[in-house]
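Chemist: My structure is below; once you've seen it, I'll send some questions.
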Amino acid sequence: MSARERTLPPDARPASNFRPTAETLALLREKARFVRLETIRLIEVAKVGHYSSVFSAAEIFAALYYDVMDINHGDPRRPDRDRFLMGKGHAAVGLFPILAEFGYIDRETLDNYTRLGNPLGDHPDMRKVPGIDFSSGSIGHALSAGLGMALGGRMQKRSFDVFVMLGDGEMQEGQVWEAAISAAHHKASNLIAIIDRNGFQLDGAVDDVMGIEPLDEKWRAFGWEVHTVDGHDLDALTTLLRQVKADEARTKPCCIIARTLKGKGVSYMETEPGWHLGYLDPSDAARAVEEIMNRTI
Amino acid sequence: MNRPLSPNSWQYRELNAKTPGLSHLSDALISLVEAGEPVVAGSADLQYSNGLNKFAERYPDRYIQFGISEQNMVTAAAGLATTGLKPYVATFASFLGLLCCEQIRMDVAYCAQPVRLIGHHTGISLGFYGTSHHATEDIATMRAIADLTVVSPADGPQLAAAIKASADYPEPIYFRIGRGREPDVYPLDTPFTFGKAIEHMVGDEITIIACGMTVHPALEAARTLNAQGHSVGVVDMPTIKPLDRAAILAAAARSKVLMSVEEHNVLGGLGSAIAEVLTDEGAPVRLVRHGIHDEYSLIAPPTHLYAHYRLDAAGIAEVARGAMGIRKAA
């Protein structure tokens, strides 16, 4: 992996200290808030969507897209860009506003989310949406696709990293573990899985539907370097992601278990697990927006 | 890491030596690499069965051993393709066309990644290994997937030509190939064009349209029948999708009866694809579909199975004789 050099912004990341500055943290908090608000606005078009699946991952989106990943250079197809894949593709509505802010999706397209002929649906489509690195929707494929990208990058001596966001319910899919074995065997150190461990899936609590613990021990046993972090603590999350990305000595793929709260940011979603899929009527939406505006996560 | 088995191992002596048809796969891929193509090959614990061990030894840095994880292999191949590489991944057709059907749809075809999927030992060519290893549904599953080309080469040389022609082909391709022991129909370096049928013989009474390993016995059957005074044509249809509609309609215009021959269930395969064209165009011709008639194939050595299912030359001739006796429906 000698070719994994990367250019870091001169201000933010002295090698000895990966912690983001107060200014960076403020920016990332604002972006996570932006993701939540835009999700509410866009789902209003479709009248149904995965609010709470985005809300648990909002800080992860913000940290990756506005700080950690080497991606925003105006060209969504740049061969050396970092890649991002979503095993939990149903949270794509939280990513589209970011891609629109980067200029990859035009405003009108974003505002017409899910309308007839629009490229933006509940799941991401790489053929239709610039900035989407891989399509998803069938749970369990993304880590294999990310592995292929990581191996392809290494074969061609490219320096990019591949970040794959996985749902915790997704751990129930067999192909995830095929990819896990394979990535460790091939020492895909440029592959980083982030598990959004929000604890819920469509039929209820993950541990009730089909238990997956001890998750960290499973990944460690499969040959991965494993970290656990509070997925809403932007300071800790960003520090860890920066560290993992900068680690040239690692020979294993890396798994980050992000402990999160389904529906984080909206109190009645945080306490009511039935919000995996739903619709906020205008008065509920107004309450949610108010809370998101006034809470600091 | 790919530590080859000893050349004295059974896999080397038996599998590699007795399957000359499959050595074309590695040879063609090696020639693509030598021509500067960014080819990468992958296999799922079957490199001695499909001959990719030769490629792996020549270009270890361009070969990925996926172990027994076919679905992971197919999806990872799509990921590899997004980085600009040209992946060719191979496993038994029964696993590729059925076990990996959804990965092929979602990650390869829907994502429009130019992955080349090599399903080998297709049809009933794995003989006594049993129904689990027989692939008599893979044409049906693969041709229902949008933006996926389906190719069934007749022999090793045609496989090699198709692999070489695939280097710049824009769509993903499913290659349905035999076990490498099929007798050659074509000389080496016969040019291959995707989507084009190859007309071998012209006949008024019947035209046999065959694909894959059935082309050779179909030609032999036609020669026998023509020597007995019949007028039998033979068309090789190596590309099942997109289908050469013009070739089918030309045969329909020329012959009283068409007969499809395939090592596949007659439901959903080449015969069904031909029937769709004839129906679309309202062609007034009788079509007899010959293959496996919606059953789980028996266990036996392959040659015994081909005889049992009348997919050898004698069997095809017998079915064709029967078909020629059919009068057009009143």
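Coordinate-derived values only; no laboratory data. Bear in mind the structure is a predicted one, so any value in this text is a computation, not a measurement. With ideal geometry, Cβ positions are generated from the backbone for all residues, glycine too; neighbour counts draw on all protein chains shown.
Chemist: Sequence neighbours fewer than 8 away in the same chain don't count; with that in mind, list the lysines whose C-alpha is under 17 Å from B:Lys256.
Modeler: B:Lys328
Chemist: Using the beta-carbon distance between A:Asp284 and B:Glu295 and R0 = 51 Å, what value does 1/(1 + (r/R0)^6) give for FRET efficiency, to the nearest 0.05?
Modeler: According to the calculation, E is roughly 0.35.
Chemist: With an 8 Å Cα cut-off and a minimum separation of 6 or more residues, compute the relative contact order for chain B in percent.
Modeler: 15
Chemist: Please return the longest stretch of chain A lacking exposed loop sites, where GluC sites (Glu not before Pro) count only if DSSP places them in a loop and at most 16 other Cβ atoms lie within 10 Å.
Modeler: A:6-247
Chemist: Expressed as a rounded percentage, what relative contact order does region B:198-324 have, with Cα pairs under 8 Å and six or more residues apart?
Modeler: The value is 30 percent.
Chemist: Could you tell me the distance between the Cα centroids of region B:133-186 and region B:200-253, to the nearest Å?
Modeler: Each part's Cα centre sits 19 Å from the other's.
Chemist: What number, rounded to the nearest 500 deg cm²/dmol, is the helix-based mean residue ellipticity at 222 nm of chain A, given -39500 (n - 2.57) per DSSP H run of at least four residues and division by all its residues?
Modeler: After summing the helix terms and dividing by the residues of chain A, the value is -11500 deg cm²/dmol.
Chemist: Restricting attention to region B:259-315, which chymotrypsin sites (Phe, Trp or Tyr not before Pro) occupy a DSSP loop and are surrounded by at most 16 other Cβ atoms within 10 Å?
Modeler: B:Tyr296
Chemist: Looking only at B:Glu57, B:Glu137, B:Glu281, which one moves most when chain B is put into a Gaussian network model with springs between Cα atoms under 10 Å?
Modeler: B:Glu281
Chemist: Can you give me the distance in nm between label points at A:Gln243 and B:Thr303, each placed 7 Å from the Cα along the Cα-to-Cβ direction?
Modeler: Placing both labels 7 Å beyond Cα along the Cβ direction yields 6.7 nm.
Chemist: Answer rounded, prolate or oblate for region B:10-176, using the Cα gyration tensor with square roots of eigenvalues a ≥ b ≥ c: rounded when a/c is under 1.5, else prolate when a/b is larger than b/c, else oblate.
Modeler: rounded
Chemist: Would chain A count as rounded, prolate or oblate if I go by the C-alpha gyration tensor, calling it rounded below 1.5 in a/c and otherwise prolate when a/b exceeds b/c, oblate otherwise?
Modeler: Note, shape of chain A comes out rounded.
Chemist: Which distance in Å, rounded to a whole number, links the C-alpha centroids of region B:254-277 and region A:186-258?
Modeler: So the separation of the two Cα centres works out to 52 Å.
Chemist: Okay, moving on. What FRET efficiency comes out for the pair B:Asp280/A:Leu116, r = Cβ-Cβ distance, R0 = 22 Å, nearest 0.05?
Modeler: So, using R0 = 22 Å, E works out to roughly 0.15.
Chemist: Turning to a different aspect of this structure: Which residue, A:Arg259, A:Arg36, A:Arg127, has the most motion in a Gaussian network model of chain A that connects Cα atoms within less than 10 Å?
Modeler: Greatest mean-square fluctuation among the candidates belongs to A:Arg127.
Chemist: For a quick size check, give me the Cα extents of the protein assembly as shown along its three principal axes, largest first, whole Å.
Modeler: 91, 60, 44
Chemist: Sticking with this structure for a sec: Given A:Lys31/A:Lys262; B:Lys54/B:Lys86; B:Lys54/B:Lys241; A:Lys88/A:Lys252, which pairs have Cα atoms separated by over 21 Å? All intermediate terms of the calculation are to be shown ahead of the outcome.
Modeler: Working: A:Lys31/A:Lys262 18 Å; B:Lys54/B:Lys86 18 Å; B:Lys54/B:Lys241 30 Å; A:Lys88/A:Lys252 23 Å.
Checking Cα-Cα distances, B:Lys54/B:Lys241; A:Lys88/A:Lys252 exceed 21 Å.
Chemist: Here's another thing I want to ask about it. Spin-label point model (7 Å from Cα, Cβ direction): what's the B:Thr190 to B:Ser31 distance in nm?
Modeler: According to this spin-label approximation, the distance is 1.4 nm.
Chemist: Next question, about the same structure. Can you bin region A:98-236 into rounded, prolate or oblate? Criterion: square roots of the alpha carbon gyration tensor eigenvalues sorted a ≥ b ≥ c, rounded for a/c under 1.5, prolate for a/b above b/c, oblate for the rest.
Modeler: Cα axes put region A:98-236 in the oblate bin.
Chemist: If you take every DSSP beta bridge fully contained in the protein assembly as shown, what fraction is antiparallel? Give it as a percent rounded to 5.
Modeler: On the way: 9 of 67 bridges.
If we restrict to bridges inside the protein assembly as shown, about 15 percent are antiparallel.
Chemist: Choose one answer from A:Ala62, A:Ala91, A:Ala286: the residue with the largest mean-square fluctuation in a GNM of chain A with alpha-carbon springs under 10 Å.
Modeler: Checking each option, the largest mean-square fluctuation is seen for A:Ala286.
Chemist: So what's the angle, to the nearest 10 degrees on a 0 to 90 scale, between helix B:245-254 and the longest Cα principal axis of chain B?
Modeler: Computed tilt is about 20 degrees.
Chemist: As a test of the formula, what do you get for chain B when each DSSP H run with n ≥ 4 contributes -39,500 (n - 2.57) and the sum is divided by the residue count, at 222 nm and rounded to the nearest 500 deg cm²/dmol?
Modeler: Dividing the helical sum by the residues of chain B leaves -9500 deg cm²/dmol.
Chemist: Which aspartates and glutamates have a Cα less than 19 Å from the Cα of A:Lys128, not counting those fewer than 8 places away in the same chain?
Modeler: A:Asp75, A:Glu101, A:Asp106, A:Glu108, A:Asp111, B:Asp107, B:Asp147, B:Glu171
Chemist: With a cap of 10 neighbouring Cβ atoms within 10 Å, and only residues DSSP puts in a loop, list the trypsin sites (Lys or Arg not before Pro) found in region A:147-209.
Modeler: A:Lys157
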